[in-house]
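To start, the structure under review is shown below, and the notes come after it.
The values are calculated or read from the model by the stated rules, or taken from the named source; none is laboratory data. Note that this is a predicted model, so its numbers are computed, not measured. Note: ideal-geometry Cβ built from the backbone for every residue, glycine included; neighbour counts use all protein chains shown. With ligands, DNA and RNA removed, areas are computed over all heavy atoms of the protein, side chains included. Shrake-Rupley method; radii C 1.70, N 1.55, O 1.52, S 1.80 Å.
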Amino acid sequence: VSDQSKGYLATVTLPKDDYRTRHIAKTLNLQNGDCVRAGCVRDRDPSEFDSLGGLMTDEAFVEWLPEGKIKKASPTRNREPPGSLKVLIPNPPKTSLWEDRYGAETDDTPRVSLLLALPRPLQLQRLLPMVAQLGVENLILTNARKVPKDYFGSHLFRKPSVLRGLLVEGLSQSGDVRLPRVTVSKRLKIFLEDELDELFPRSQYERIIAHPQRKDETGRMTRMSDIKVNATDGSPRRILLAVGPEGGWEEPYELDMFQKLGFKRITLGTRVLRTDVAVVSLLALANEACSSL
């Protein structure tokens, strides 16, 4: 929250059992007055505008608030939090970075968007922080022929705050404040026909689909390193990456549908990978492809 009356641009109090509080106590062992990197998450949805969204500083101050029988305002001998934790961003912050504050892009601005066939709910819960850590601009969760319909009944979709919290957890790990824009589409074919070109025009996005290589397929299959990411309108290069379910996209129907829309097929080899392993590997390669000159 904003607290400029007391000389601070923003303050927040984290409960004792918050994962960030425990990390600052057990891993960083910070004392009152020490500095830590902190920021205010920036939602990509314009309707969720926050005047502080996008602010990040390396010099936010920490202040321990002891609770119960603990009186000393510092981590215990076992590096347990003594109570809740107050984080204060001075006004003005000594070092600051307004991420994408006015639409300008930095070297680490996410330029990869992920179209993901919905994995099992527990797997999605593990995957969301990883996706946010690696950095994606847009996350589209969709169905596929091999995705059971009941996956969309997950509590993650009934409680958007839980889904958002998992993404924020990943941002906290990576030291970022840019929240991916999340779209849930239960009808893949309709999404591709009606929304794909508007959201991801070919002039700005290289469209890529990942699919395992069959043992009997001969010749060298295309890898991510073979893709040349060049925007025709001179804007920064971007990638839209489509990753299917663990059984792969349905052949030939879904593969043909993507390829007719300009998706280039790549592979990580003949191994059939779990969704989380495939997504992390492909996102790392896609981000590298966008950042390389």
So which pairs qualify, if the first residue must be in segment 128-156 and within 28 Å of ARG111 (Cα to Cα) and modelled with pLDDT of 95 or more, the second must be open to solvent by 10 Å² or more (accessible area, probe 1.4 Å) and of a type in the set (Val, Ile, Thr), the Cβ gap must be under 6 Å, and the two must be at least 6 apart or on different chains? MET130/VAL280; LEU139/VAL182; ILE140/THR183; LEU141/VAL184
Segment 50-96, residues that are open to solvent by 50 Å² or more (accessible area, probe 1.4 Å), over 20 Å from ALA132 (Cβ atoms) and at pLDDT below 85: SER51, ASN91, PRO92, LYS94, THR95, SER96
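Pick from segment 33-49 the residues that are modelled with pLDDT of 85 or more and surrounded by 12 or more Cβ atoms within 10 Å (Cβ to Cβ): which of them is nearest to PRO75 (Cα to Cα)? Full working, then the answer.
So the first thing to find is which residues in segment 33-49 are modelled with pLDDT of 85 or more, and the list is 33-41.
When the remaining residues are screened for being surrounded by 12 or more Cβ atoms within 10 Å (Cβ to Cβ), the result is 34-41.
Numbers: ASP34: 13, CYS35: 15, VAL36: 15, ARG37: 18, ALA38: 19, GLY39: 23, CYS40: 25, VAL41: 27 Å.
Result: ASP34.
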